[in-house]
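The values are calculated or read from the model by the stated rules, or taken from the named source; none is laboratory data. On a predicted model such as this, the values are computed, not experimentally measured, just so you know. Please note: Cβ atoms are built from the backbone with ideal geometry, for glycine as well, and neighbour counts cover all protein chains shown.
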């Protein structure tokens, strides 16, 4: 069961062109393309005639034409041409989904409730002069999108999954502060005067301890933003202005796991940093290098999914670090229940 | 549900040899081979002992010997040898299916009603001096065999699926004449004084318009013959003798989609032409070239199948060109019902 | 349904190291490794926290550490470390399975009844000076483990599956003697003064007939030992001392098909011989050569499994040679029923 009345990332803008793009979202087949004016359009990816995916057709004059018998649909999903027949029946149409392009993402709204682009989560780091984003990426994973949230919301996995890059053993020694409101869970941790993870030490030229932070915000249903970094000892901690530190690593990683089907998702992710904008080595590290770090999670997530599918009834142990993920799950459950009415 | 009391093409004659050939037909495992006299034999492809496919065995003295413990069956399906045991139980047998070789096809009868080879559809073009057949071909497709009939019976798809070869946009402008009797649907179209499809123009040396025809006969349950071609303007149309035309392209394409299992079929197909018998370029075009044209349909048919499996309940729009396919479907449904009794 | 209260081979000793080994046994995920003292350990291969297979983790100080959040388990399955949390809940554990290393096999006990290593089947040939074992091997087969027992218990298949190596047509001419007790089925055959199989003739320098034997013992649920060989004519037969023969081929092949899941198994197998210990050509033949012979069965077994899954309801014919396999099946059924209580 997916929350349908919500904005999900459907694609990166560069993926949506005048060639149709097929993507299954929340269990529904979707085709994305740009119309004559360059605006992104999302339709149910199925011709109302013989059920062929419209994505096998082509864009003709800003409309999408089925590749089988030429039925043509406009951006509202209405069939506007049935070759060889002047009458177009009222019900000759496919579904159109609200789409919005914002913060360098193409968002889609899968539900029946009215869509309000003002409610799109503010991923402002992807569109702000002080932050330099990496080329955003995506992986089709065979796992429930919620496993990604569990993953991101419990940073203690960094020590075990990413020990040679962004992990550091000290993280498990610091209990996080957890707060939430109706749609957001916030988890934050200061780790003062501790060794930074290997990648941060290298990027920030740290040779000893640092004041580190690791925080994450979950915005239901499917946005997770990690805040991470370190500064010189003495410059970190609640209420401090980290930007006064001589050395500084300051990052966000943005996790956008859009449900595809049960047990499968499109894991969109992007990074941005607020230091050393013009350093090509750092560009590399927090671009392709971070993709490699994320790939360390993929095998874990898919193996976990296989186990949960095969042995669904097992009781599992929860610990203090699962409070954040558990809050997020309850939030999601309430949203699904509310939608079911 | 398949019509069982009917002749289906099981194989091309060249495929049936003294090496066993395994093929699933109408949901049943079948093994085909030639007996000592060279006659094609079809048996249920399962040893009555340990269920091994007989097709993993070999032909010994015109009989088929199981590759596991040597049980041997004759062409009637009776077990004639159980190594190490003189007594052969009455029920030691596998099913034998009626087979007939006619019109360069090996036909099989999967049902329980008596099989009459006189009822085999007359594909006489494959065996007639005025017609030159191409090497027949076959593709295992992951689609319901009826989707192939839908495809062949609605020629308007040519414009969109085969635009660079046998498609021409004018076809959608001409409504076909549709007639039927108990077992046959006939659809025919004259398109007078119109541009021929690219492939016909080239094959027939047409430089301007032509009188074209496109007709198809469906013989239930699983034979579809397309008639297509063009002649000089003025030589086509009802009642005209097309063979008086100075230029002429005259073709049949024979479609024999034999059901394998639910959602899968063996698409046998062959072409024959009644012009330019001795032109190697035309041989190529209406041989390997037409196979390429047919391959343009395969991706469409399998994508359509995937959608119908995944979203079976969707209502779909029908238009005037679907009358032919709809007639064929009703004919099939009546046959299935009649068989169920 | 598997017999759980029984010893199965889980691995060859060389497979169990300080790197975790994942293996599904009787439908359960198992991880095998060696602890700090070098003893083999088998745990349920699932972390009690987030269900990740423990086999994706690593061995740390003789314990296994989950690769996700570092939960660490000792050889009893008890969680001994939850990083970042001092309290370890009582139920934080995974299942531990009794393991024993004996006769060069690592055995596992999957059931709830007490495990007694004294009940491990005595595969003494693998550990005896008069017998030279080959390097044991294993194949993951997509077939019910019982199909392997059926195979091994009916030696008449040798004639048809292995005609160029260990098969000889005479085997079907000799009815075996079959006896059984509560847990063992014994089948034995003397074939006096007959041509030996090609491989035995070559290995034993036989140029004419020989006195041959082929016997098999099935020890429920999953051990089958073949005894095979030949001696000079006059030296074989009940009561004779085969070791007095000038020429002699004397072999055991040990079949240990451990159930993985329904329709899949791990087929462990090993060979040992009591002649020509120091002949490298014979080493090769009864090592890699016999593996090739076994591989001739694999395709048969998997094809049979596919047929039985697809057409489960078919009635099948049994003959005199099926008495042995049928006894074994009944023995197994009684064991399953007894376990269900």
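Tabulated values for the structure
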item	result
Looking only at segment A:1-24, and only at residues there that are more than 14 Å from every other protein chain (Cβ to nearest Cβ) and part of a strand (DSSP E or B), the one that is surrounded by the fewest Cβ atoms within 10 Å (Cβ to Cβ)	A:21
Residue list for segment C:280-314, restricted to those being touching a helix residue (DSSP H, G or I) at 6+ places or on another chain (Cβ under 9 Å) and modelled with pLDDT under 95	C:281, C:282, C:285, C:286, C:289, C:290, C:293, C:314
Leading residue by the ranking (farthest from the other protein chains (Cβ to nearest Cβ)) among those in segment A:92-102 that are closer than 16 Å to residue A:47 by Cβ and surrounded by fewer than 19 Cβ atoms within 10 Å (Cβ to Cβ)	A:96
Filtered residue count, segment B:145-165, keeping only those that are more than 9 Å from every other protein chain (Cβ to nearest Cβ) and not in a helix (DSSP H, G or I)	4
Helices (runs of 4 or more DSSP H) contained entirely in segment B:270-341, each with at least 1 residues that are under 30 Å from residue A:86 (Cβ atoms), in contact with a strand residue (DSSP E or B) (Cβ under 7 Å, 6 or more places away or on another chain) and away from every other protein chain (no Cβ under 14 Å)	B:323-340
Test: residue in segment B:96-108 that is under 30 Å from residue C:189 (Cα atoms), outside the structural domain of residue B:258 (by TED's automatic domain parsing) and not in a strand (DSSP E or B)	no
Strands (runs of 3 or more DSSP E) wholly inside segment C:31-74 containing at least 3 residues that are within 11 Å of another protein chain (Cβ to nearest Cβ) and farther than 17 Å from residue A:314 by Cα	none
Selection status of residue A:266, surrounded by 17 or more Cβ atoms within 10 Å (Cβ to Cβ) and either more than 21 Å from residue A:164 (Cβ to Cβ) or without any contact (Cβ under 8 Å) to a residue 12 or more places away in the chain (or both)	yes
Among the residues listed as A:70, A:77, A:57, the single one being in contact with a helix residue (DSSP H, G or I) (Cβ under 6 Å, 6 or more places away or on another chain), over 30 Å from residue A:224 (Cβ atoms) and in contact (Cβ under 8 Å) with a residue 12 or more places away in the chain	A:70
Selection count where residues are surrounded by fewer than 20 Cβ atoms within 10 Å (Cβ to Cβ) and assigned to a helix (DSSP H, G or I), scope segment A:166-199	4
Residue among A:89, A:29, A:83 that is crowded, with 19+ Cβ neighbours inside 10 Å and modelled with pLDDT under 95	A:83
Enumeration of residues in segment A:75-91 that are under 16 Å from residue B:317 (Cα atoms) and either assigned to a loop (DSSP other than H, G, I, E, B) or more than 8 Å from chain B (Cβ to nearest Cβ) (or both)	A:77, A:78, A:80, A:81, A:83, A:84, A:86, A:87, A:88, A:89, A:90, A:91
Check on residue B:223, outside the structural domain of residue B:104 (by TED's automatic domain parsing) and touching a helix residue (DSSP H, G or I) at 6+ places or on another chain (Cβ under 7 Å)	no
Flag for residue A:216 being away from every other protein chain (no Cβ under 14 Å), within 22 Å of the chain's Cα centre (by Cα) and surrounded by fewer than 17 Cβ atoms within 10 Å (Cβ to Cβ)	no
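Yes/no per residue for (1) in contact (Cβ under 8 Å) with a residue 60 or more places away in the chain; (2) within 23 Å of residue C:71 (Cβ to Cβ); (3) not assigned by TED's automatic domain parsing to the domain that holds residue A:222:
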{"site": "A:154", "(1), (2), (3)": "yes, yes, no"}
{"site": "A:162", "(1), (2), (3)": "yes, yes, no"}
{"site": "A:165", "(1), (2), (3)": "yes, yes, no"}
{"site": "A:189", "(1), (2), (3)": "no, yes, no"}
{"site": "A:196", "(1), (2), (3)": "no, no, no"}
